[in-house]
Amino acid sequence: MRDDRFVRACRREPARPTPVWFMRQAGRYLPEYRAVRARLSLLDIVHRPDVCAEVTLQPVRRLGVDAAILFSDISVLFEGLGVGFRLEERRGPVVDEPVRSAAQVEALRPEEVAERLPFVGETIRLLVGELDVPLIGFAGGPFTLASYLIEGAPSRTFVETKRLMHADTGLWSALIDRLEQAVASFLEAQVRAGASAVQIFDSWVGALSPADFDEWVAPSLRRLVGRVRALGVPVVYFGVETAGLLDRLAGLGADVIGVDWRVELAEAWRRVDPARHGIQGNLDPALLRAPWPLVEARARAIVEAAAGRPGHIFNLGHGVPPDADPSHLERLVERVHAWTGDAGGDGHAS
């Protein structure tokens, strides 16, 4: 029988023990993944459903996590939009022709995304037949995808993105509208194939001021979240450095807000309202390089901050780093389950 406590936690229903999964839980820190990457690129893996399914399953088998997340990259959506790009090692997505004109935006075809990426649905169908835990589908958030398309590569300053946003509001709105439609279509296809929940990775949205978020990003996110939730699956929304936006994120309609380590979990939950939202997070990934006693102490503090409320999903505050110690992740799953299982009585950490 499928263990659905991750989905129950997303809906703020009782779920013991606290579900645990890790962003980028399939990746270079696993020797079995490195063996696959020795012969195939990331995009090669994504295009081969049998291999992609195997890579997705690797951390579930090794770590005992309570959810699997589809192995992929947010830039895969660019292929569905007909955008030329490549993934550079240690850099990320690099777009062949950064967006600068209305003609480039008009050339994007969000309605064709699902049919151009059939291997994604095939991988999900394979996984649903293998997994006994829920599968999380995902896509990038419209702002984050727009930033890659405009900057042409990962950026620390997002100068070109903000310049276009403020100097050519019509072009910005047209681009965000097409990306909203593309993400919605992509996530809908993943749900139809069998994903039990979805996560929107809006990695770089924390670069925005609250005013710019309200005016140029939040309306499309609310529509996107509403469209996906209408399919009957929970939606998790995650961004990096979003402490200054938490009050706004509470208005998007997502079931769960993922937070990074820059805000204390109890404070984040207070600001997004525990009666309306679950919280996912938020151990600093850098701690996975630290001695185990420190990792354990910080994880315990997070569980105690959750205070037994329904709706907590234990995760990192960002992705697993490639030099993480797999044994730390294995022990994290075991300890969080032990602290929050039925033996704990009232569900509080003891």
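The values are calculated or read from the model by the stated rules, or taken from the named source; none is laboratory data. Since this is a predicted model, take the numbers as computed values, not measurements. Here the Cβ positions follow ideal geometry from the backbone for every residue, glycine too, while neighbour counts run over all protein chains shown.
Go through the residues of the stretch 162-185 one by one and say whether even a single one is of a type in the set (A, V, I, L, M) and either modelled with pLDDT under 95 or within 23 Å of Arg12 (Cα to Cα) (or both). Don't jump to the end; show me each part of the working.
From the stretch 162-185, those of a type in the set (A, V, I, L, M) are 164-165, 167, 171, 174-176, 179, 182-184; that's our starting set.
Now drop any that are not either modelled with pLDDT under 95 or within 23 Å of Arg12 (Cα to Cα) (or both), which leaves none.
No, because not a single residue in the stretch 162-185 is of a type in the set (A, V, I, L, M) and either modelled with pLDDT under 95 or within 23 Å of Arg12 (Cα to Cα) (or both).
One line per residue, one yes/no per condition, for (1) of a type outside the set (Asp, Glu); (2) more than 20 Å from Glu334 (Cβ to Cβ); (3) modelled with pLDDT of 95 or more; (4) under 22 Å from the mean Cα position of the chain (by Cα):
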site: Val46; (1), (2), (3), (4): yes, yes, yes, yes
site: Leu81; (1), (2), (3), (4): yes, yes, yes, yes
site: Glu88; (1), (2), (3), (4): no, yes, no, yes
site: Ala103; (1), (2), (3), (4): yes, yes, yes, no
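Given the criterion in contact with a Gly (Cβ under 8 Å, 6 or more places away or on another chain) and not in a helix (DSSP H, G or I), identify the matching residue among Arg39, Arg24, Arg28. Talk me through it step by step, then tell me what you get.
Values: Arg39 fails: in contact with a Gly (Cβ under 8 Å, 6 or more places away or on another chain); Arg28 fails: in contact with a Gly (Cβ under 8 Å, 6 or more places away or on another chain).
Answer to the selection: Arg24.
Taking residues in the stretch 150-165 that are under 19 Å from Glu89 (Cβ atoms), and partners anywhere that are of a type in the set (Gly, Ala, Ser) and modelled with pLDDT under 95, the pairs with Cβ atoms closer than 8 Å and at least 6 places apart or on different chains are Ala153/Gly92; Pro154/Gly92. Out of the residues in the stretch 201-258 that are modelled with pLDDT of 95 or more and among the aromatic types (Phe, Trp, Tyr), which is farthest from the chain's Cα centre (by Cα)? By that ranking, first place goes to Trp216. When residues in the stretch 64-109 are screened for being among the acidic types (Asp, Glu) and not in a loop (DSSP other than H, G, I, E, B), 3 of them pass. Per this entry, Arg270 is counted among residues that are at pLDDT below 95, more than 22 Å from His337 (Cβ to Cβ), in a helix (DSSP H, G or I) and over 16 Å from the mean Cα position of the chain (by Cα).
Please enumerate the residues belonging to the stretch 323-346 that are in a loop (DSSP other than H, G, I, E, B) and either crowded, with 21+ Cβ neighbours inside 10 Å or modelled with pLDDT of 95 or more (or both).
Passing the criteria: only Ala324.
Filtered by the rule that a residue be of a type outside the set (A, V, I, L, M), over 30 Å from Val7 (Cα atoms) and out of contact with any Asp or Glu (no Cβ under 9 Å at 6 or more places or on another chain), the stretch 131-153 gives a lone residue, Tyr148.
Looking at the stretch 127-157, which of its residues are surrounded by 19 or more Cβ atoms within 10 Å (Cβ to Cβ) and farther than 22 Å from Met23 by Cβ?
Filtering the stretch 127-157 for residues surrounded by 19 or more Cβ atoms within 10 Å (Cβ to Cβ) gives 127, 131, 133-151.
Within the stretch 127-157, Leu149, Ile150, Glu151 meet the criteria.
Among the conditions (1) farther than 28 Å from Arg229 by Cα; (2) in contact with a Pro (Cβ under 7 Å, 6 or more places away or on another chain), the only one that Val256 does not satisfy is (1).
Any idea how many residues of the stretch 13-42 are farther than 18 Å from Ile69 by Cβ and among the polar types (S, T, N, Q)? Matching residues across the stretch 13-42 total 1.
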